[in-house]
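J.: This structure is in C-alpha cells; I'll ask about it shortly.
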Amino acid sequence: MNKPRTVRLGLLWKIILFLTVTLVPLAAITWWISVRALTTNLTDEFTSKGSAIARSLASSGVDLLLTRATAQHIRELIVGGRTVVKDGAMTGVDFPKARAEVLAQMRAGMAASDSLARAMPALDRAMAAHFEPDCPCC
C-alpha cells in the first residue's frame, strides 16, 4: 500500500516563506509611501524656493535703482505732473531768488549774533567757491 507522500517543510523554509509573503509586500508599500512623500515635499520646497528667488530678483532691480542711483542716473524727474529735474539741472527752483531769500534771513539773524556776523564773510567765500565760483555775497 502506497501511502501518499506529504511534503514537509523544515523550519528554515517556513521562515523564508513567511518573510517573503509578509515582508516583501510591506517593503513595497513602505517604498511607495516614501517616494510619494518625498516627491510631494521636494516639489513644494523647490516651488517655494523658486518663488522666493524670483521675488528677490524682481525686487533687486528696485533696490538697485533706489539705493545705488546717483544724480548722473537721472535724466528727468517729474513730481506731481511738474518737471523738477531735466538733463541734470533743477528746473523748478529759482536759485538767485532762493539765495537772496536765504541771505536776507541770515542778515536778519546776524544782528542778534555778533560771532555769526564776524564768521559770515569766510563762510560766504567758502560756499561761493564750492557752489558758485563767480557769485558775490553779503
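J.: In a GNM of the chain with a 10 Å cut-off on Cα contacts, which of Leu57, Leu23, Leu66 has the highest mean-square fluctuation?
T.: Leu23
J.: How large is the helix-only mean residue ellipticity at 222 nm for the chain, computed as the sum of -39500 (n - 2.57) over DSSP H runs with n ≥ 4, divided by its residue count, in deg cm²/dmol to the nearest 500? Don't jump to the answer; show the numbers that get you there.
T.: On the way: 3 runs with 92 residues, N = 138.
Here the helix-only value at 222 nm equals -24000 deg cm²/dmol.
J.: Here's something else I'd like to know. All other residues with a Cβ under 14 Å from the Cβ of Leu42 taken together, and with Lys, Arg as +1 and Asp, Glu as -1, what is their net charge? Don't jump to the answer; show the numbers that get you there.
T.: Numbers: positive: Arg36, Lys49; negative: Asp44, Glu45.
Once positives and negatives cancel, what remains is 0.
J.: Measure nothing but the geometry: give the 0 to 90° angle between the long axis through the Cα atoms of 114-131 and the longest principal axis through the Cα atoms of the chain, rounded to 10°.
T.: It works out to around 60 degrees.
J.: Using the Karplus curve 6.51 cos²θ - 1.76 cosθ + 1.60 with θ = phi - 60°, work out ³J(HN,Hα) for each residue of region 38-54 in order, rounded to whole Hz, and write x for Gly and Pro.
T.: With coefficients 6.51, -1.76 and 1.60, one gets 5, 4, 5, 5, 5, 4, 4, 5, 5, 5, 5, 5, x, 5, 5, 5, 5 Hz.
J.: Let me ask something else about it. Specify whether the C-alpha gyration tensor of the chain places it in the rounded, prolate or oblate class, a ≥ b ≥ c being the square roots of the eigenvalues: rounded for a/c under 1.5, otherwise prolate if a/b is larger than b/c and oblate if not.
T.: On the way: a/c = 8.43, a/b = 5.07, b/c = 1.66.
Taking the square roots of the gyration eigenvalues as a ≥ b ≥ c, the chain is prolate.
J.: Figure the gain on full extension for Ser56 and Arg99 (residue separation times 0.36 nm, minus the Cα-Cα span) and round it to one decimal in nm. Display every interim value, and only then the final one.
T.: Values: separation 43, 0.36 × 43 = 15.48 nm, distance 4.45 nm.
Result for the pair: 11.0 nm of gain on full extension.
J.: Note down the relative contact order for the chain as a percent, whole number, built from C-alpha pairs under 8 angstrom at least six residues apart. Mind dumping the intermediate values first?
T.: Numbers: 40 pairs, mean separation 10.2, N = 138.
Reported as a whole number, the value is 7 percent.
Throughout, read-outs are computed from the coordinates displayed, never taken from laboratory work. Just so you know, these numbers come straight off a predicted model, no measurement behind them. So basically every Cβ, Gly included, is an ideal-geometry build from the backbone, and we count neighbours across all protein chains shown.
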